[in-house]
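Reading through the structure tokens given below for one structure.
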Amino acid sequence: MALALFSRAEPAAVATAASGWGLGGAARLALALVACLAMVLLTQLWAENLFFEQTRTRAAAKLDLYASNLSGALGKYQSVPKLLALHGDVVELFLAPDDPAMRARGNQLTETVNRLTGAEDTYFMDAEGMTFAASNWGSELPFVGHNFSFRPYFQQAMQGRLGRYFALGTTSGKRGYYFASQVSDGGEILGAVVVKVSLDEIEHGWTAGEEEDVIVTDPHGVIFISSRAEWRYRTLAPLDAEERQAIAENRRYESVDLRPLDLELRSRAGGLQLLTVDGQAAGAPSREYVMVTKEMPEAGWTLHVLASTTLAYSQTVTAMVVAALASALVLLIALVVLQRRARLVERIEYQRRASEELERRVEERTADLRRAQDDLVQAGKLAALGQMSAALSHEFNQPLAAIRSYADNAQLLIERNREAEACSNLGRIKDLTTRMADISKHLMTFARKPRSELRPVRLAEVLDDTLDFLRTRLERAGAEVSVDQPDRGLTVRAGRVRLQHVILNLVANALDAMKDQAAPRMEFALRAAGGRVTVTLRDHGPGIAEAELGQIFDPFFTTKEVGEGLGLGLSISYNIVKDFDGVLRAENHPEGGAVFTIELPLLSARAAAKTALKEPA
Ligand code: ADP
């Protein structure tokens with residue numbers, strides 16, 4: 001019944017719990033997604049920084065490589081003009097620059113030197129800047145006859161320094177790096193030896209790749225060398241008028257339109273320089289680079305390595321995908337764990353409710369039972385009272401009626417002076433009142449104090465006394481009583497007189513049961529086991545009817561004729577034994593006859609010795 005009730009209650013409980021999870025679950029899911037997103041964004045920040053930094057490190061390594069490559073390429077030509085300028089034959093040529101024979105020799109010499117060194121051009125300029133001999137004397141556009149005094153390298157050489165300059169050749173239209181050295185004789189400045197180195201070959205080795213680009217800019221930000229041909233002669237920033245003026249004076253980029261490159265330069269955290277260059281061809285995508293820069297003051301230019309950010313971005317995207325997947329996995333695990341927890345909480349809640357309901361039911365039932373028991377007890381009391389009243393009125397009315405008639409007779413007999421007979425009637429009256437007093441005494445037992453005066457009592461002594469007391473009655477009935485008691489020291493805590501009363505009652509019942517037998521027999525046996533002691537009395541009467549076994553201890557239950565038994569003896573005995581913490585049982589012996597057992601707790605010898613064994617009667 002209770003279970004049926006719970007199973008009815010369960011769907012409601014589950015529905016409540018589910019709706020609770022639904023609301024909380026949606027909020028939790030949103031929170032988890034936000035956390036997931038935050039995780040991905042944080043990863044993006046972290047990964048971008050990391051991979052951009054890696055890109056910069058790679059670019060910086062490349063930058064050093066390019067710088068040493070450039071320095072090396074130029075370095076091998078650096079001392080060539082100086083060596084030539086110091087040579088006596090060369091000085092000799094410079095002393096007569098206008099002499100055609102000398103010029104022819106000069107042309108031959110420069111051509112030979114140029115071929116041997118692998119330079120682009122080698123040429124001699126007089127003190128005014130006029131070229132009087134050149135390695136390209138035989139080409140379509142020879143330098144011979146051209147004045148290059150406007151070139152800074154010439155001016156530097158004239159000042160006695162090593163002339164260094166890079167420019168677009170005004171005659172050849174080819175880019176070159178110029179080294180110039182002064183030629184003098186005895187303090188007189190005669191002119192300069194110049195070696196022009198081609199930059200095309202160096203640039204040729206820098207093929208534009210997907211990963212990186214490399215550019216060299218002059219102090220005005222004009223791209224002079226570039227791995228991308230389309231960037232050549234473009235500027236990093238628009239040139240102002242002053243800069244344009246300076247460039248025009250040096251004629252570094254003659255007849256070249258110096259347009260700014262469409263780019264955007266920005267700084268990132270950690271000093272990172274990002275450069276975005278617009279796609280040159282129509283529709284081409286713009287490119288983003290991490291830019292690292294190195295000044296090369298000797299050469300007078302700046303080297304830039306531009307490392308593409310494409311790889312850093314794709315690595316960042318990979319890291320973000322990994323972070324998203326990891327967060328999703330964690331989220332999934334968390335969801336499963338939370339859901340399991342919710343189910344567990346749900347189940348615990350359901351079990352709690354179920355046990356509460358069960359408790360409530362048990363309490364209800366207990367209360368019902370208690371009420372029913374109270375009713376039964378009440379009914380039992382009333383029934384007992386009715387039975388008792390009937391029995392008592394019967395027990396008392398009979399002797400009262402007899403007493404009345406004996407008294408009437410006695411009165412008549414006295415009036416007729418028949419005193420002897422009257423006296424006999426009075427004797428009968430006395431007997432009847434004695435019987436009535438007996439009944440009343442039995443009834444008084446019900447009002448006894450149950451646990452008063454319990455003392456150690458030796459069972460053998462109680463049995464001896466009781467049988468002594470009954471001797472006359474037993475002899476009259478011709479009964480034989482045997483006692484089997486191996487241990488005469490068995491002691492219990494009891495009331496001596498009350499225990500005698502119980503044994504008396506059992507013996508009286510046994511004699512009643514065997515009243516039709518010529519030689520009634522009964523056997524007593526005293527035994528102790530497991531801290532308990534038993535006194536059994538077996539008779540050889542008809543035994544107790546099975547149907548009556550459960551009733552014989554009820555008050556007023558009797559199978560005897562009215563006037564022979566009150567049905568109180570066993571009921572009183574039962575309660576007396578109970579007062580001694582014992583039990584009184586009745587059963588039938590398999591071979592016939594009834595067996596009554598008094599079972600009591602055995603008192604230890606030490607406890608028994610401590611107390612006086614005799615109890616006042
Ligand atoms: P009473 O002896 O006044 O009837 P008891 O309470 O002593 O009251 O006994 C109740 C009933 O138990 C007896 O009427 C009898 O039927 C049954 N009884 C008791 N002792 C024996 C016995 N030894 N053999 C058979 N029946 C017995």
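The values are calculated or read from the model by the stated rules, or taken from the named source; none is laboratory data. These numbers were taken from a predicted model, which means no experiment stands behind them. Glycine also receives a Cβ, built like all others from the backbone with ideal geometry; neighbour counts cover every protein chain displayed. The protein model used for the area step is the full one, side chains on, heavy atoms only, and it has no ligands, DNA or RNA in it. Shrake-Rupley method; radii C 1.70, N 1.55, O 1.52, S 1.80 Å.
Give me the number: length gained by fully extending Glu349 to Glu453, i.e. 0.36 nm times residue separation minus the C-alpha to C-alpha distance, one decimal in nm.
31.8 nm
For helix 310-415, report the angle its Cα long axis makes with the longest principal axis of the Cα atoms of the chain; keep it between 0 and 90° and round to the nearest 10°.
10
Taking the Cα centroid of segment 316-373 and of segment 53-126, what is the distance between the two, rounded to the nearest whole Å?
89
Would you please put 120-128, 502-510, 285-293, 428-436 in order of how densely packed they are, using the mean number of other Cβ atoms within 10 angstrom per residue and starting with the highest?
Going from most to least packed, we get 120-128, 502-510, 285-293, 428-436.
Quick check: from the Cα gyration tensor, does segment 89-157 come out rounded (a/c under 1.5), prolate or oblate?
rounded
Please calculate how many Å² of accessible area the chain carries per residue, with a 1.4 Å probe and no DNA, RNA or ligand atoms counted.
With all protein chains present, the chain gives 56 Å² per residue.
If I fit a long axis through the Cα atoms of helix 100-117 and take the longest principal axis of the Cα atoms of the chain, what angle between them do I get, 0 to 90°, rounded to 10?
Helix 100-117 sits roughly 20 degrees off the main axis of the chain.
Roll a 1.4 angstrom probe over the protein heavy atoms and tell me the percent of accessible area of segment 204-321 that is carbon or sulfur.
53
Output the antiparallel fraction of DSSP beta bridges having both residues in segment 451-545, as a percent to the nearest 5.
70
Positive end of the charge dipole of segment 49-96 (Lys, Arg +1 and Asp, Glu -1 on Cβ, about the Cα centre): tell me which of Ser79, Ala60, Ala96 has its Cα farthest that way.
Selected residue: Ala60.
Show that you can apply the helix-only estimate: for the chain, add -39,500 (n - 2.57) for every DSSP H stretch of four or more residues, divide by all residues, and state [θ] at 222 nm to the nearest 500.
-18500 deg cm²/dmol
How big is the charge dipole of the chain about its Cα centre, in debye rounded to the nearest 20, if each Lys and Arg gets +1 on its Cβ and each Asp and Glu gets -1 on its Cβ?
So the dipole magnitude of the chain works out to roughly 3280 debye.
What is the extension gain from Arg418 to Asn397, computed as 0.36 nm multiplied by their sequence separation minus the C-alpha to C-alpha distance, in nm to one decimal?
4.8 nm
Could you tell me which residue out of Asn250, Ala390, Ala547 lies farthest along the dipole of the chain toward its positive end? Charges go on the beta carbon: Lys and Arg +1, Asp and Glu -1, centred on the Cα centre.
With unit charges placed on the Cβ atoms, the residue in question is Ala390.
Roughly how tilted is helix 459-477, in degrees to the nearest 10 and between 0 and 90, from the longest Cα axis of the chain?
Value to nearest ten degrees: 30.
Quick check on my link table: of Lys62/Lys174; Lys430/Lys560; Lys62/Lys294; Lys82/Lys294; Lys441/Lys515, which ones sit more than 19 Å apart, alpha carbon to alpha carbon?
Pairs exceeding the cut-off: Lys62/Lys174; Lys430/Lys560; Lys82/Lys294; Lys441/Lys515.
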